[in-house]
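The values are calculated or read from the model by the stated rules, or taken from the named source; none is laboratory data. None of these values were measured; they are calculated from a predicted model. Quick reminder, even Gly has a Cβ in these numbers, built from the backbone with ideal geometry, and neighbours come from all protein chains shown. We work out accessible area using only protein heavy atoms, side chains counted, and drop any ligands, DNA or RNA first. Shrake-Rupley method; radii C 1.70, N 1.55, O 1.52, S 1.80 Å.
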Amino acid sequence: MKKMTSEELRKAWIDFYEKRGHVDIGTTSLIGDGTTGVLFNVAGMQPLMPYLLGKEHPQGKRLCNIQGCVRTNDIESVGDSSHTTFFEMMGSWSLGDYFKEERTKWSYEFLTQVLNLPIDRLATTVFEGNDSVPKDDETAVLREKSGFLHENIFFLSKEYNWWELERGPCGPDSEMFYITDKPACSPNCTPACDCGHYIEIGNDVFMQYDKVDENKYELLKKKNVDTGWGLERILAFLNTNGDVYLTDLFKGAIEILEQESGRKYNDDEKTKMAMRIIADHIRTSVMLLGDENHLVPSNVGAGYILRRLIRRAVRYARILNIPTDVFNKIVYYYIDDVYGKFYNNLANSKDFVITQLNKEIKRFEKTLDIGIKEFEKVIAKFNNDSEKILDGATSFRLYDTYGFPIELTEELAKERGLSVDINGFNQKFKEHQEKSKTATIGKFKGGLASSGEIETKYHTATHLLNAALKVVIGPDVHQKGSNITEERMRFDFSCDHKLTDEEKKKTEDLVNKWIKEDLEVTSQLMSKEDALKSGAECMFIEKYPDEVTVYSIGEVSKELCGGPHVKRTGELGIFKIKKEEASSAGVRRIKACLN
Ligand code: SER
């Protein structure tokens with residue numbers, strides 16, 4: 001096994017695949033769009049969905065990259081040695097080109113010749129088959145032929161060896177594992193077990209199906225391979241005995257926390273956990289704030305997750321007894337020393353990241369002290385209760401008045417042996433949402449929403465522009481991204497040609513016609529399924545929360561969205577397209593203003 005820095009590993013991955021005919025396609029945004037239901041990029045394959053489904057990719061059939069991903073369904077498990085909310089996936093793809101033979105050969109070569117892992121330390125899992133898809137004997141044979149030991153090949157069920165998102169390209173996969181020094185927990189231990197004997201290195205997915213509905217799969221026209229290996233995990237077992245926070249990606253951040261707190265990472269479990277949580281949450285916040293689409297903290301969707309990350313980091317800074325301006329040093333470390341050169345926009349966004357981060361910290365710190373006092377007060381009465389459940393009304397008050405994310409309340413409650421009535425909280429939350437719908441535009445109850453009046457207007461204008469382009473250019477136009485500042489809106493959409501002057505004029509006129517008509521903007525909370533059935537427009541189909549908000553503008557637009565929006569289009573003023581240009585292959589970009 002060979003020690004490697006993160007930069008060496010990145011380079012080794014890209015070099016390896018370029019030598020085998022792949023084109024490095026670089027990274028894409030971590031956030032789809034703050035104004036639709038899509039949250040984050042969760043896998044390297046996500047931006048490639050249309051191509052895995054059969055569309056021709058402009059850069060060819062063999063692609064590779066190192067793509068940042070964010071998975072936050074499990075924020076509370078951050079604090080151990082391997083969980084992180086941001087991670088990088090080293091990817092490579094065959095779009096209807098090579099299949100299992102080359103895939104298994106190259107994976108083995110990378111494991112043994114680049115990472116120098118000994119054969120007896122490698123294990124692999126293969127799909128055991130079910131009623132609709134046969135056992136993947138072919139991959140098992142090829143794995144063995146490439147060099148895996150027979151006894152280290154395991155057949156596992158769909159639960160472990162099938163890869164899919166909510167909808168879209170999917171198929172059986174075959175994962176590779178490193179066998180650690182930690183003894184197996186039992187003679188029956190397999191790579192499916194998380195005792196630590198096996199650590200996942202990466203995943204080769206053989207994508208031959210399209211999941212079109214729940215339990216409904218159609219064969220894809222072409223067979224693809226989607227390979228994703230975890231950069232952090234690999235670095236950790238190559239260099240730091242499995243602890244990702246000791247790799248060079250995090251090292252500087254941990255050192256800053258040690259210096260500032262006067263404690264050592266290894267002092268005790270509580271210190272270690274607090275340092276890991278801060279290092280992780282600030283890293284993800286940096287990547288999201290500094291993303292090309294600049295996410296900012298808010299009370300909805302992706303913005304809310306960012307808010308939770310920052311607020312949780314603030315709380316753990318208190319546990320370490322350090323002031324939160326230490327976070328600025330950590331931001332500089334991540335941008336200057338680790339990620340700035342790999343994520344295009346990041347190095348230029350330092351000021352923005354610092355400003356937004358500190359704005360959110362200030363906002364939270366103001367209420368945190370009073371909130372904690374209030375929390376202590378309300379839980380005091382539970383001391384003698386046998387039923388230790390914090391009711392929904394109280395946790396909603398902590399949220400609404402003191403800005404406590406419900407997850408923070410849950411965490412504080414847990415530390416004191418209490419649980420929280422989440423259903424009760426959700427009920428209160430819904431009631432509140434109904435009420436704020438009737439509140440004045442731009443003034444959001446609870447004072448937590450960060451969108452100003454002008455951004456709100458641009459949000460609504462985005463929906464109108466999306467709808468107008470569908471009328472003028474055609475129904476195939478779909479939103480690919482958007483970005484809003486106080487000065488302008490930017491809107492990316494799928495379209496295969498430069499818009500003519502006439503098309504631009506028609507689009508602009510149509511948006512202005514709808515503004516003049518003073519259409520009503522309404523929202524409705526629906527299950528995700530109903531929303532999609534109702535034909536509401538959305539950017540990606542995967543990764544929605546179960547309940548989504550659908551915004552309708554008169555009869556002209558219906559979109560999944562986190563809001564906020566104006567009440568009537570008449571408030572928008574005059575819409576003007578300032579610029580129309582190429583964004584990337586097959587994607588055009590419009591910059592527009594409201595006057
Ligand atoms: N999509 C697969 C995964 O996320 C491999 O890239 O594991």
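Points worth noting:
- Residue 347 being closer than 18 Å to residue 88 by Cβ, assigned to a helix (DSSP H, G or I), out of contact with any strand residue (DSSP E or B) (no Cβ under 9 Å at 6 or more places or on another chain) and among the aliphatic types (A, V, I, L, M): yes
- Residue match in the range 179-190 (condition: among the polar types (S, T, N, Q) and over 31 Å from the mean Cα position of the chain (by Cα)): yes
- For the range 323-353, a residue qualifies if it is open to solvent by 10 Å² or more (accessible area, probe 1.4 Å) and under 30 Å from residue 395 (Cα atoms), and the qualifying residues are 323, 324, 325.
- Checked against (1) within 30 Å of residue 59 (Cβ to Cβ); (2) more than 29 Å from the chain's Cα centre (by Cα), residue 583 passes all but a single condition, namely (2).
- Subset of the range 60-72 [without any contact (Cβ under 8 Å) to a residue 60 or more places away in the chain and more than 14 Å from the ligand (Cβ to nearest atom)]: 60, 61, 62
- Note on the range 199-241: residues that are part of a strand (DSSP E or B), crowded, with 20+ Cβ neighbours inside 10 Å and more than 15 Å from the ligand (Cβ to nearest atom) amount to 0.
- When residue 550 is tested against the conditions (1) under 22 Å from residue 40 (Cβ atoms); (2) assigned to a loop (DSSP other than H, G, I, E, B), the lone failure is (2).
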